[in-house]
Amino acid sequence: MTFKYRLIRFPLNRLSSRLIFFVSIGIIISTIALYLFISSTQQKLTFESFYTSTNGTLQAAKLGIELGHSEEKYEMLVQVFNWIKTRDHFKFIYLTEKIDDNEEILIGFPETENTPISFLNSQYDHRSIDDSVFVLKTAWESKIGTGNMFIGFSTNKLRMYEQQVVFDLTTFGLISVVIIILIVAVITASVTKPLKRLKEVTERIRKGNLNDRADEKKGGIEVTSVSKAFNQMVEELSRTQKELSNEIYEAAVFIQSILPEPIKDKIKVDWRFLPSRDLGGDSFGYHYLDESHLAIYLIDVSGHGVGPALLSVSVINILRNQSLTETDFYNPGSVLYSLNNIFQMDKNGDKYFTAWYGVLNKNTLELNFSAAGHPPAVLVHEQDGEKSIEELEIRNNFVGFLPDIEFDCATKQLNQDDRLFIYSDGLYEIIQSNGKVLEKEMFLEVVLGCSESLDAMLIQLRDYEKNNQFSDDCSVIRLSV
């Protein structure tokens, strides 16, 4: 008997890809938010720095103009104008003077006599930058007059500087994202690789290799802790399975030991028993009811394992000890009727069984038999070197279906050199390598051709199996006259 364990399965590919994906998305979002914040802050700081430096030029020029006007040092005015022209980003300067409440351009560079005062006033806004010029205005006042001074500064360099800042920030953000993704990938690999190895170990253990163990030295504290716990679980699992295997092996040996010895007499009986697992639901027996009548029976309990084996042994012991009350053991129908009433499915864990029971009079060679959902026995006739085959068909429900069911019986007259085969369905329900079930005609041909050798029959039938091994419990009894 084998056991299947549900062990841990790790969806590693999904784990790695999802981890990298979500972390990367988080990094990208964070980087974009940081970029927008730094970009906005940088633009604001750049503008304020630009305004502060240009406004300083404006205020210094104002002082020079007021001083030159007050002291009538016009060469100073020329020096102030020339100094302003050397300032970074300088574009133009206009000096106006109020005469009789009217404002006229007193001097300007470049010289544009047609520039209206209204244009300069409309451009004035200390806090705005248009596409090309940033205009600052300040009033000047001296002993000989008053007016306004307008200085225009080019914003081209400022725009270029801002674009460079944006480009630098973008490049920095992208490089940061790539570096962080690589770091995440390395960290992810350091986690998923040990988990992958652990998964491979679980797959090998699931297939029955309980000697394999997980690596307890790689993968970090968390993974190594899981590996240690996993190895402890496998150790306990291995120990438990060994104990169970030993106990089941002992049970299988016991079941084998209660099977009858072959009979070598006028009526010869031989058998083969091949459980597909250590413990199965097949069992059989035969014994003489008296000096002339031989009872022969085969039980096939549904399922595999301890439960079906115990039920099978219980039924065989009842038949062997003839412990059914109010039962005529010479009458196969009476035997199956009593078994059916005792072993109802609802009282036996929903387990049922098929059965074949027959009684042979060795003096008259008359066979009285019945079957409960069991495959029909096969009779091979041999006369004058010619062989023929016949199925002893009889239809009844399996044992455990409904109580108080009558089981039909039949009688067959056997002849000298006849061979009777009683078997479980594992002998002929064979899945071939092409995926098709072995046809009944092919099965009967094998039985007919190998009727003299049970071993040859089993070998030839097993060769049809795709795994060269019977997939179910296989029992066969041969009765030879």
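Values in this text are rule-based calculations from the coordinates and carry no lab data. What you are looking at is a predicted structure, and each value in this text was computed from that prediction instead of being measured. Please note: Cβ atoms are built from the backbone with ideal geometry, for glycine as well, and neighbour counts cover all protein chains shown.
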Original post:
Which of the GluC sites (Glu not before Pro) found in the range 284-376 are in a DSSP loop and have at most 11 neighbouring Cβ atoms, other than their own, within 10 Å?
Top reply: E291, E326
Subject >> Distance between modelled label sites at D215 and Y288, nm, 7 Å Cα→Cβ extension >> reply: 7.1 nm
Original post:
If contacts are Cα pairs under 8 angstrom and at least 6 residues apart, what is the relative contact order of the range 325-430 in percent?
Top reply: 31 percent
Subject >> Point-to-point label distance, N467-Q432, nm (Cα→Cβ direction, 7 Å offset) >> reply: 2.0 nm
**OP:** Give the shape of the range 261-480 as rounded, prolate or oblate, defined through the alpha-carbon gyration tensor: a ≥ b ≥ c are the square roots of its eigenvalues, a/c under 1.5 means rounded, and otherwise the shape is prolate if a/b is larger than b/c and oblate if not.
**Re:** oblate
Original post:
To the nearest Å, what is the center-to-center distance of the range 349-364 and the range 87-110, using C-alpha atoms only?
Top reply: 127 Å
Original post:
Is any residue of the range 87-103 close enough, with backbone N under 14 Å, to a label point placed 7 angstrom from the Cα of S154 along the Cα-Cβ axis, and if so, which?
Top reply: 87-93
Original post:
Can you work out the FRET efficiency for the pair I99 and D168, with r the C-beta to C-beta distance and R0 = 60 Å, to the nearest 0.05?
Top reply: 0.70
**OP:** Find the relative contact order for the range 261-480 and round it to a whole percent, using C-alpha pairs within less than 8 Å whose residues are 6+ positions apart.
**Re:** 23 percent
**OP:** Pull up the cross-link candidates among the lysines for K137, meaning alpha carbon to alpha carbon under 24 Å and not fewer than 8 places away within one chain.
**Re:** K44, K62, K73, K85, K91, K98, K157
Subject >> Distance in nm between pseudo-label sites at N363 and K228 (7 Å out along the Cβ direction from Cα) >> reply: 8.0 nm
Original post:
Please identify the GluC sites (Glu not before Pro) of the range 384-466 that satisfy two criteria: DSSP loop assignment and at most 12 other Cβ atoms within 10 Å. Which are they?
Top reply: E393, E406, E439
Original post:
Gain in length, E141 to N317, computed as 0.36 nm per residue apart minus the alpha-carbon separation, to one decimal in nm?
Top reply: 50.3 nm
